[in-house]
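Comments concern the structure below.
The values are calculated or read from the model by the stated rules, or taken from the named source; none is laboratory data. Computed from a predicted structure; not experimentally measured. In this analysis, Cβ positions are derived from the backbone assuming ideal geometry, glycine residues included, and neighbour counts consider all displayed protein chains. In case anyone asks, the SASA skips ligands and DNA or RNA and just uses the protein heavy atoms, side chains included. Shrake-Rupley method; radii C 1.70, N 1.55, O 1.52, S 1.80 Å.
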Amino acid sequence: MAKTGTTTQGLRAAIERSGYYPALVAEAVEAAVGGEPVVSYLVHQETTFDSNEVRRHVTVLVLTGTRFIVSHTDEQAADGTSPSPYATTSTESVKLERISSVVVSRVVANPESYTPGALPREVVLTIGWGAVSRIDLEPAACGDPNCDADHGYTGSTTADDLSLRVSEAGDGPDSVRQTLAFAQALSEATAVAGR
């Protein structure tokens, strides 16, 4: 379930509506935002299945005039380090100038009959700011099929700091719409910050 909007009060209400440890999540997000006005936000709760356990987690994305803030909260079952269940919440604050990419991947059913403005079936929002990169390497080769020389490796580096998937089937059409709205606001803000 994704919720988006543009006010601090709306952000708090969206966190409370998610029902996922709202006091804990709101305190962490509000501390990271501080006194800055909220330009846009997205609250995305996701349930995953891990073996015989159901795990929930929530990601809150906040855009202010100068920063992108990401907060993630996970719940954990009791384990060897804790006799009772616990939750872990973390926040990261990134200056808008540091955001190097905002990638929006859209999955559209029946592309031959696509109508402009139609809602994608699924959206994956990937945001990169250089904290995490993925390197894909493969052996380099030349054009000679008889060559057996070692040409080293070739590859690419991809910024992969945050990836958030929202689908119409799993999260509902409003969540897809809200993710697209947040992505557009973030993309526009990074374009202005980069000038």
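Residues to consider are T48, T7; find the one that is more than 20 Å from P85 (Cβ to Cβ), modelled with pLDDT under 90 and surrounded by fewer than 19 Cβ atoms within 10 Å (Cβ to Cβ).
Details: T48 fails: more than 20 Å from P85 (Cβ to Cβ).
Checking each option against the conditions leaves just T7.
At least 2 residues that are open to solvent by less than 60 Å² (accessible area, probe 1.4 Å) and under 28 Å from F49 (Cβ atoms) in each: list the strands (runs of 3 or more DSSP E) lying fully within the range 76-195 that qualify.
Values: elements: 86-95, 101-107, 122-128, 133-139, 153-159, 162-167.
It comes to 86-95, 101-107, 122-128, 162-167.
Condition check ((1) under 19 Å from A189 (Cα atoms); (2) in contact (Cβ under 8 Å) with a residue 60 or more places away in the chain) across all residues:
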site	(1), (2)
Y20	no, no
E30	no, no
E53	no, no
L61	yes, yes
F68	yes, yes
H72	no, no
E97	yes, yes
S100	yes, no
